[in-house]
Amino acid sequence: MDQFKQVFVEEAEELLGTLEDNLLVLEDSPDDRDLIDAVFRVMHTIKGSAAMFDFKGIVDFTHVVESVLDRVRNGELTVSHELIDLTLKSRDHIQSMIGSPSDVTPEHEATSAVLIGALEKLAGTEKKAPLPSVKKVQNDEDVECYSLYRILFIPDREIFFSGTNLIALLEELQDLGEYSCYAYTSSIPSLAEYNPEMSYIRWEIYLTTKASLNAVKDVFIFVESSCELEISSLVEASELPDCLGEEKRLGEILIGRGLITPEELSDVLSTQKPVGQIMMENGLVSSTDVESALHQQQTERKLREKQGGERENTIRVKSEKLDSLVDSVGELVTAQARLSQISSQYDDPSLNALAELIERLSTELRDNAMGLRMVPIGTTFSRFKRLVRDLSNSLGKEMTLVTRGGETELDKSVIDKLNDPLVHLIRNSIDHGIEAPEIRAEAGKKREGTVSLVADYSGANVIIQIKDDGAGLDRERILAKGREKGLVGPDENLNENEIFKLILQPGFSTAQKITDVSGRGVGMDVVSKEIESLGGSIFITSTVGKGTTISLSLPLTLAIIEGLLVRIGDEKFVIPLASVQACLELGQEDREAHREKRLFPFRGGMVPYIRLRELFLDRRELPDREHLVVTQTENGIFGIVVDEVIGDYQTVIKNLGRLYKNLQLITGATILGDGTMALILDLNKITALAKVESTASL
Amino acid sequence: MKQILIVDDSRTVRDSLKFFLKEGGYDVLEGADGVEALKVLETARPNLIITDVNMPNMDGLTLLENVRKSPDHKFIPVLVLTTESQQSIMEKGKALGATGWIVKPFDSQKVLAVIKKVLGG
């Protein structure tokens, strides 16, 4: 803020300069309204600006002068010689206070008191004008327990003319907690009468939140006057367990709202039709009322489940049991694929129907089984808070750990194996990445270093980033060390990511000093091994002086993927569906047109393609028409040319076994419906290879 | 990037607001009074206008009326800068079509919270 204080002082002096001139002119023409306004404005502006910096002495004093001038402006007070005189004195006084705004001296205070006395006497307001009390925006302490609010929000037709964005408003509510929103559209007129600039919808929102009623009301503070608003707390926080013990029936809710009496309820109940329908037929309530009450019932039910769920409705299961469940489901999925294939060969409607049913059920079962093993990564994240704290103490560094995306879910087996690599990476960031506080201060950074741990979904993968704002990696030194250790050949050219990835090699450490935390070159190689064994990949970016980001890309689950089955010659292969963007045909004429460059036009750009036949050294003649699968890989968008795209296919991944663990382009295998085998392609490796070859051929 | 027009005759207020808004990731346009603001609006279409009330040449409420009358700008949210004591101005502004208000003195957190409320996340 300091740079603005200077601006404030300059501006205030400028304003006081014009004020002096204006006051002198005003003395000669005391009825000039514009001049009076201008004089008032100066005081107003100075007061407002001074308040931004907490210059209380100046604010308090200018407030009094401003009030007096406001009375002049409203015609309650006339411009007199005495007034001009006092205002001029006040001006000088303000100027002297602005000279040292932060510490107003006792002399200043004394002068203020004298001038204020004189001004008030003149204005006939002997009593000290009440100062604006600076109200702090104070949220009542959030209640620790959930409450359920029903919010009925009917915006005025013209609400958009105040620039209000209803979506932003609803989003703000959504941020407060669990939220279900129902829009009642019955008042939308026919198209002929519809005015798109008007708001016709009535909103009913059920909000389960830990926030207080005032916090909820605060959301509507700007629209209070342009809507009908009713916020009622359906379940008080304190009475929640009791109140929710018994589920409310629809009729009870309607009685509670005073829409019907208990007698009317029991009358209609005796006719044994659905309650809501009966009441509508009897004209007791409208269809909207019933709908709304049903919403409330639903929301309360959910809340109850939530509270109950948190308390008792979980059971602990040994993870081996889950593993064997997932295994069986995997086998089931394979068997089902086989059934579907066989049924497609027979033109038997009942068999087809059964095959479809089994397919749907097994998909559902698969999703549920996989869901059981999904665990949010947040618990792993929170363990690192302690690690960071202890490490920064022992290394004498000032650190904070920021975590985001803790709700991201990953397969439990992936999370279990992720702990050690993350510990190594965080240690490394703190030890090598973040500089000592003094060095950071010298470099103009905050003394306190930040390591952030961020998880997010990206297709069928989860990306975990370990980001520090430290010194960054020294590219040249890493490369030199790499050559020295013989990890990089003398003529080998590496791109940035490849150079940075050298730090993951066994025995590699550029740290000059070995601490007990890291620097021995043990650990980082464990990281890359673990991540690769999980089918993931590592990507490192770094800017010297700014920091380093290490991104881990991990598959959501290890057991099953959705794949695209393709054929090359007589062999079938699986491309992971998550990376597929489109399937196109590549005819003779397209091949001719782009023969040299191996590029084809896609969505307005040119995309390179790789022919798998050539990659696998299949030298037989190309078929007339080929298919091209457009894929998004970590190396960018690539087209993969195959003979034929067969269709999508749920695939259980089978490991290839120890003997094949160094195979580069294949991540695994799967058994197809007809009992034959298909290999699963590793697109990242394939496209990386193509990239290397194309750079080499340049 | 969302664009915000600041209208205030005080350079201190404009500069500090600008600083907060830029920190918050917004693009900033400026005008020292209502007349200048209307001039800016001839060629620009900001996502939000923040205006002081008491200004020379054209005050903030007149600016607001003009904005609401303009077919191009009538739905732009307008936030009025007021002080705690100016309850009447909030009501007057609301009646003329102001979206909301920011109470002076303000800090970065407060300003950005109000803007998020009006513009959404």
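The values are calculated or read from the model by the stated rules, or taken from the named source; none is laboratory data. Note that the coordinates shown come from a computational prediction; the quantities given were computed from them, not determined experimentally. Backbone-built Cβ (ideal geometry, glycine too); neighbour counts: all protein chains shown. Each accessible area value is taken on the protein alone, full model and side chains, heavy atoms only, with ligands, DNA and RNA left out. Shrake-Rupley method; radii C 1.70, N 1.55, O 1.52, S 1.80 Å.
Residues A:Ile231, A:Ile221, A:Ile253: which one is surrounded by 15 or more Cβ atoms within 10 Å (Cβ to Cβ) and at pLDDT 80 or above?
A:Ile231
Which of the residues spanning the stretch A:350-407 are of a type in the set (Ser, Thr, Tyr) and within 20 Å of A:Thr334 (Cβ to Cβ)?
Hits for the stretch A:350-407 are A:Ser362, A:Thr363.
Does A:Gly668 satisfy the condition of being in contact with a strand residue (DSSP E or B) (Cβ under 9 Å, 6 or more places away or on another chain) and within 23 Å of A:Ile538 (Cα to Cα)?
Against the criterion (in contact with a strand residue (DSSP E or B) (Cβ under 9 Å, 6 or more places away or on another chain) and within 23 Å of A:Ile538 (Cα to Cα)), A:Gly668 qualifies.
Going residue by residue through the stretch A:604-611, is there one that turns out to be part of a helix (DSSP H, G or I), small (Gly, Ala, Ser) and under 23 Å from A:Thr633 (Cα atoms)?
No, every residue in the stretch A:604-611 fails to be part of a helix (DSSP H, G or I), small (Gly, Ala, Ser) and under 23 Å from A:Thr633 (Cα atoms).
Can you say whether B:Val80 is crowded, with 21+ Cβ neighbours inside 10 Å, without any contact (Cβ under 8 Å) to a residue 40 or more places away in the chain and more than 8 Å from chain A (Cβ to nearest Cβ), as far as the supplied structure shows?
Yes, satisfied.
Is it the case that the stretch A:81-91 has a residue that's open to solvent by 10 Å² or more (accessible area, probe 1.4 Å), within 14 Å of another protein chain (Cβ to nearest Cβ) and free of Cβ contacts under 8 Å to residues at least 40 places away in the same chain?
Taking every residue of the stretch A:81-91 in turn, none turns out to be open to solvent by 10 Å² or more (accessible area, probe 1.4 Å), within 14 Å of another protein chain (Cβ to nearest Cβ) and free of Cβ contacts under 8 Å to residues at least 40 places away in the same chain.
State all residues of the stretch A:614-662 that are modelled with pLDDT under 85 and charged (D, E, K, R); if no residue qualifies, say none.
A:Glu614, A:Asp618, A:Arg619, A:Arg620, A:Glu621, A:Asp624, A:Arg625, A:Glu634, A:Asp648, A:Lys654, A:Arg658, A:Lys661
Conditions first: (1) more than 22 Å from A:Pro155 (Cβ to Cβ); (2) within 11 Å of chain A (Cβ to nearest Cβ); (3) free of Cβ contacts under 8 Å to residues at least 40 places away in the same chain; (4) among the β-branched types (Val, Ile, Thr). B:Val53 passes all but one, so which condition is the exception?
(3)
Search the stretch A:92-107 for residues being hydroxyl-bearing (Ser, Thr, Tyr) and modelled with pLDDT under 80, and hand back the single one that is most open to solvent (accessible area, probe 1.4 Å).
A:Ser102
Looking at the stretch A:358-409, which of its residues are closer than 24 Å to A:Gly433 by Cα, out of contact with any strand residue (DSSP E or B) (no Cβ under 7 Å at 6 or more places or on another chain) and among the β-branched types (Val, Ile, Thr)?
A:Thr380
Looking at the stretch A:162-174, which of the residues that are more than 8 Å from chain B (Cβ to nearest Cβ) and closer than 26 Å to B:Val80 by Cβ is farthest from the chain's Cα centre (by Cα)?
Among those that are more than 8 Å from chain B (Cβ to nearest Cβ) and closer than 26 Å to B:Val80 by Cβ, it is A:Leu166.
Residues in the stretch A:579-593: is at least one touching a residue at least 40 places away in the same chain (Cβ under 8 Å) and closer than 17 Å to A:Thr667 by Cα?
Yes, because at least one residue in the stretch A:579-593 is touching a residue at least 40 places away in the same chain (Cβ under 8 Å) and closer than 17 Å to A:Thr667 by Cα.
Given A:Tyr194, A:Tyr179, A:Tyr206, which one is more than 14 Å from every other protein chain (Cβ to nearest Cβ), in a loop (DSSP other than H, G, I, E, B) and either under 28 Å from B:Val78 (Cβ atoms) or open to solvent by less than 60 Å² (accessible area, probe 1.4 Å) (or both)?
Answer to the selection: A:Tyr194.
Pick from the stretch B:108-120 the residues that are among the aliphatic types (A, V, I, L, M) and facing chain A (nearest Cβ under 9 Å): which of them is most open to solvent (accessible area, probe 1.4 Å)?
Result: B:Ala113.
Could you tell me whether A:Ser112 is touching a residue at least 40 places away in the same chain (Cβ under 8 Å), within 14 Å of another protein chain (Cβ to nearest Cβ) and not hydrophobic (A, V, I, L, M, F, W, C)?
Judged against the criteria, A:Ser112 is not a match.
Return the residues of the stretch A:425-452 that are in a loop (DSSP other than H, G, I, E, B), of a type outside the set (D, E, K, R) and surrounded by fewer than 18 Cβ atoms within 10 Å (Cβ to Cβ); say none if nothing qualifies.
A:Ala436, A:Ala443, A:Gly444 - these are the residues of the stretch A:425-452 that are in a loop (DSSP other than H, G, I, E, B), of a type outside the set (D, E, K, R) and surrounded by fewer than 18 Cβ atoms within 10 Å (Cβ to Cβ).
Identify the single condition in (1) under 23 Å from A:Ile167 (Cα atoms); (2) at the interface with chain A (Cβ under 8 Å from one of its Cβ atoms); (3) modelled with pLDDT under 90 that B:Pro105 does not satisfy, given that it satisfies every other one.
Among (1) under 23 Å from A:Ile167 (Cα atoms); (2) at the interface with chain A (Cβ under 8 Å from one of its Cβ atoms); (3) modelled with pLDDT under 90, the lone unmet condition for B:Pro105 is (1).
For the condition outside the structural domain of A:Glu356 (by TED's automatic domain parsing) and at pLDDT 75 or above, what is the one hit in A:Ser328, A:Ser292?
None of the others qualify; the one that does is A:Ser292.
Residue check: is A:Ser186 among the small types (Gly, Ala, Ser), at pLDDT 80 or above and assigned to a loop (DSSP other than H, G, I, E, B)?
Spelling it out, A:Ser186 is indeed among the small types (Gly, Ala, Ser), at pLDDT 80 or above and assigned to a loop (DSSP other than H, G, I, E, B).
Which of the strands (runs of 3 or more DSSP E) found entirely inside the stretch B:1-58 contain at least 1 residues meeting this: at pLDDT 90 or above and in contact with a Phe, Trp or Tyr (Cβ under 6 Å, 6 or more places away or on another chain)?
It comes to B:3-7.
Only helices (runs of 4 or more DSSP H) wholly contained in the stretch A:310-424 count here; list those with 2 or more residues that are acidic (Asp, Glu) and open to solvent by 30 Å² or more (accessible area, probe 1.4 Å).
A:319-345, A:349-372
Taking the condition without any contact (Cβ under 8 Å) to a residue 60 or more places away in the chain, surrounded by 13 or more Cβ atoms within 10 Å (Cβ to Cβ), assigned by TED's automatic domain parsing to the domain that holds A:Gly17 and out of contact with any Lys or Arg (no Cβ under 7 Å at 6 or more places or on another chain), does A:Ser67 pass?
Spelling it out, it is not the case that A:Ser67 is without any contact (Cβ under 8 Å) to a residue 60 or more places away in the chain, surrounded by 13 or more Cβ atoms within 10 Å (Cβ to Cβ), assigned by TED's automatic domain parsing to the domain that holds A:Gly17 and out of contact with any Lys or Arg (no Cβ under 7 Å at 6 or more places or on another chain).
Which members of the stretch B:83-93 meet the condition of being without any contact (Cβ under 8 Å) to a residue 12 or more places away in the chain and at the interface with chain A (Cβ under 7 Å from one of its Cβ atoms)?
Across the stretch B:83-93, the qualifying residue is only B:Ser85.
Just to check your reading of the model, which residue among B:Lys39, B:Lys74, B:Lys69 is of a type in the set (Lys, Arg), surrounded by fewer than 19 Cβ atoms within 10 Å (Cβ to Cβ) and in contact with a helix residue (DSSP H, G or I) (Cβ under 6 Å, 6 or more places away or on another chain)?
B:Lys74
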